[in-house]
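Take a look at the structure below.
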Amino acid sequence: MATDLHRPVKETLAPDPRSAASAGAPEAAVRVAGLTRAFDGRPVIDDLDLTLRAGEFTALLGRSGCGKSTLLRVLAGLDREISGTVLVPRRRAVAFQAPRLMPWKRVWRNVLLGLPGKPERAVAEGALAEVGLAERAGAWPKTLSGGEAQRASLARALVREPDLLLLDEPFGALDALTRIKAQQLVAELWQRRGCAVLLVTHDVDEALLLADRALVMREGRIAYDTPVALDRPRGVGSPGFADLRARLLTELGVEGGGGVEGKGRAHGGPGAPADEKPSVAAGPSGPGPAKAPDESSAHPRHGDAS
Amino acid sequence: MTISHAPPPPGLSVAPEKSSAPSRTPPDLQAVVPASVRRSRLRSAPRWVRRAVGPLLLLALWQVFSATGVLHPDVLASPGTIARAGADLVADGTLPAAMGVSLQRVVVGLLLGGVVGTALALVSGLSRLGEDLVDATVQMLRTVPWVGLIPLFIIWLGIGEAPKVALIALGVAFHLYLNVYAGIRGVDAQLIEAGESLGLGRWGLVRHVVLPGALPGAMTGLRYSLATAWLALVFGESINADAGIGFLMNQAREFFRTDVIVVCLVVYAFLGLTADVIVRILERLLLQWRPTFTGQ
Ligand SMILES: Nc1ncnc2c1ncn2[C@@H]1O[C@H](COP(=O)(O)OP(=O)(O)OP(=O)(O)O)[C@@H](O)[C@H]1O
Ligand SMILES: [Mg+2]
């Protein structure tokens, strides 16, 4: 069932839980080898290798302009001027930094856009209910607030039941409060769906609150790759958080990693008050199905213990 | 306790209030009046009443000038005379028949030009190859003033309906072409990419993203082409017409009937206005999704 998706070497991955279970190795949701993408002769992605496991939540960090969005577009199949091997699931969805809703389609039609067949409005309403936007299904996109539009865009991605969800700074344009809510929402949705997520972000805290694994991209490659083995639900005061944060900031080239981050938000060292930021991952008390911090029950396909 | 300030010189009394914070006059408060209260009577009148005020004033002024003899009937008949002439023309059936003929010319020309213009715009808007083949040609032809083609049209098509319809179609086609083409090319590339990421194929992208995105441009084009259509009609009918409003006007000119001429002009204007209203309604229906400023 090889389908030509990417030019040079292409095949589509369709993760199959059974085969992975029998093989014993964690199944891959993305497999990239020797990927190169150049703009006008200048390589932005340079011989990059990357494997994402099914059901894994990965955060991709990197300086502005290092090629994160370019990598995401390649994985989404939107950029095919590449060389190398790229294997991605057939069912994948993207949410961009801007919601990119079609202004001429009501919200529910936006959600259903591109789905095969003629799905019912109820399908869209189901997805919208999941992001808390059911009552706005019939609205024009111009009447949505920024956060609502972003949630609609998320619903549009989720209704495709993706095996791989690609998020390019989806919270970048949101205010601080809405951003926390949206992060909680994504954590919940991910735990419920169990799809692989690749989240591009500038925010180290966000990466550490949400992800199983953090990648730092530099000079066109994955320069640093670390598991984020923190217990969920997490807060900025979780044990080990500050150390990991300092390490990532150093990898990102920010001097004095534990100190002030670009946004002017100053955290103290490891001894700082822990609860200044609400914890994000859906905990037992959160809405949605109650999940124990025990991860293996949260998303069954997440084979390896990180 | 030490006193750091020098004691006031004897004989000079210091006002105690002056020594505290610099005295401030209280801020001048202004009421924010709710919009519903603030509206004057004219503002609260229905939209169409407000729109009718200007033309009615002009008409009244004209009647006054005619009645006082400032405006001689040979130069321009008074509104009253014109109304009577109009009523006569309607009563003996001349005007409705002429209107029917003219309207038919416009509709046929509009349809013809609309189909050709839109089709060409789709071809050159949707494909590179089409753009290379069509756009340069159309842009070149566009520099020829279309009214100047009348003599050629008469030679090619005779003096019947064909040259008049062709003239209208030509003017319409250019306007629609330019605006639909610009509309297609102005569609946000980010939305196209989003559509691609949602799994839309080429035809799906055209149908769900490109064409709706080009609709505002197409509506603008439709407006321009309607205006052009009436203009082309007037040009076309002023030569060699044996029926229609232009024919009525030519006849009236020979008998110095300024009232009939004005009636014909009013009919042209009325038809143009009706067309404009239709486009407005269409826009309101088709473009209600547009997040644009609609005035206060
Ligand atoms: N279409 C293009 N043509 C030329 N250069 C491009 C193009 N798209 C991206 N680039 C370049 O590729 C580099 C990486 O861009 P990319 O958008 O992937 O950065 P990024 O890591 O997502 O940055 P940010 O965090 O600011 O979004 C940049 O230097 C950019 O100028
Ligand atoms: Mg980017």
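Once the 1.4 Å probe is applied to the protein heavy atoms, chain B comes out at 65 Å² accessible per residue.
Between B and A, roughly 1800 Å² of accessible area is buried in total, ligands, DNA and RNA not counted and the probe set to 1.4 Å. Remark on the stretch A:130-150: accessible area falls by at least 10 square angstrom from chain-alone to full-complex state for A:TRP140, A:LYS142, probe 1.4 angstrom.
What is the calculated FRET efficiency for B:ALA83 to B:LEU282, with r their C-beta to C-beta distance and R₀ = 41 Å, to the nearest 0.05? If you can, show how the numbers build up before the last one.
Details: r = 32 Å, r/R0 = 0.77.
Computed FRET efficiency for B:ALA83 and B:LEU282 comes out at 0.85.
Which chymotrypsin sites (Phe, Trp or Tyr not before Pro) in the stretch B:43-97 sit in a loop by DSSP (not H, G, I, E or B) and have at most 11 other Cβ atoms within 10 Å of their own Cβ? When the chymotrypsin sites (Phe, Trp or Tyr not before Pro) of the stretch B:43-97 are filtered for loop state and at most 11 Cβ neighbours within 10 Å, nothing remains.
A crude spin-label estimate for the pair A:ARG31 and A:ARG192, with each label 7 Å from Cα along the Cβ direction, gives 3.2 nm.
Note that the stretch B:178-191 has calculated 3J(HN,Hα) couplings of 4, 6, 5, 4, 4, x, 5, 6, x, 5, 4, 4, 5, 5 Hz, one per residue in order, obtained from phi through the Karplus relation 6.51 cos²θ - 1.76 cosθ + 1.60 (θ = phi - 60°); glycine and proline are x. In this structure the stretch A:154-233 gives 30 Å² per residue of accessible area when probed at 1.4 Å with all protein chains present. Computing FRET efficiency as 1/(1 + (r/R0)^6) for A:VAL123 and B:THR292, where r is the C-beta to C-beta distance and R0 is 41 Å, gives about 0.85.
By per-residue mean of other Cβ atoms within 10 Å, what is the highest-first order of B:201-208, B:239-246, A:74-81? Please list the in-between numbers first.
Working: B:201-208: 14.6, B:239-246: 19.5, A:74-81: 17.8.
Ranked from most to least packed, the peptides come out as B:239-246, A:74-81, B:201-208.
Highest mean first, the peptides A:224-237, A:181-194 sorted by other C-beta atoms within 10 Å per residue fall in the order A:181-194, A:224-237. When only alpha carbons are used to place a centre, the stretch B:203-248 and the stretch B:80-109 end up 22 Å from one another.
Can you work out the FRET efficiency for the pair B:LEU111 and A:PHE39, with r the C-beta to C-beta distance and R0 = 41 Å, to the nearest 0.05?
Details: r = 47 Å, r/R0 = 1.15.
With R0 = 41 Å, the Cβ-Cβ based efficiency is 0.30.
Relative to the current alpha-carbon distance between B:ARG43 and B:SER127, full extension at 0.36 nm per residue lengthens the span by 25.3 nm. Partner shielding of A:99-107 amounts to 5, given as the average count of beta-carbon atoms from other chains within 10 Å of each residue beta-carbon.
Inter-chain neighbour count for B:284-292: the average number of beta-carbon atoms from partner chains within 10 Å of each residue's beta-carbon is 3. Rounded to the nearest 20, the Cβ-based charge dipole of the stretch B:79-286 about its Cα centre (Lys and Arg +1, Asp and Glu -1) stands at 120 debye. Measuring with a 1.4 angstrom probe and ignoring ligands and nucleic acids, B:THR81 comes out at about 50 Å² accessible.
Return the carbon/sulfur percentage of the accessible area of the stretch B:199-296, one whole number, probe 1.4 Å, all protein chains in place. Provide the component values of the computation, followed by the final result.
Numbers: 3580 of 5430 Å².
Of all accessible area on the stretch B:199-296, carbon and sulfur atoms account for 66 percent.
Packing order of peptides B:217-226, B:268-277, highest average first: B:217-226, B:268-277 (average count of other Cβ atoms within 10 Å over each peptide's residues).
For the stretch B:197-228, a reduction of at least 40 Å² in accessible area between the chain on its own and the assembled protein chains (probe 1.4 Å) is found at B:SER197, B:LEU198, B:HIS208.
The values are calculated or read from the model by the stated rules, or taken from the named source; none is laboratory data. Here the structure is a predicted model, which is why all the values come from computation and not from measurement. Here the Cβ is made from the backbone with ideal geometry for all residues, glycine too, and neighbour counts use every protein chain on show. Side chains included, ligands, DNA and RNA excluded: accessible areas come from the protein's heavy atoms. Shrake-Rupley method; radii C 1.70, N 1.55, O 1.52, S 1.80 Å.
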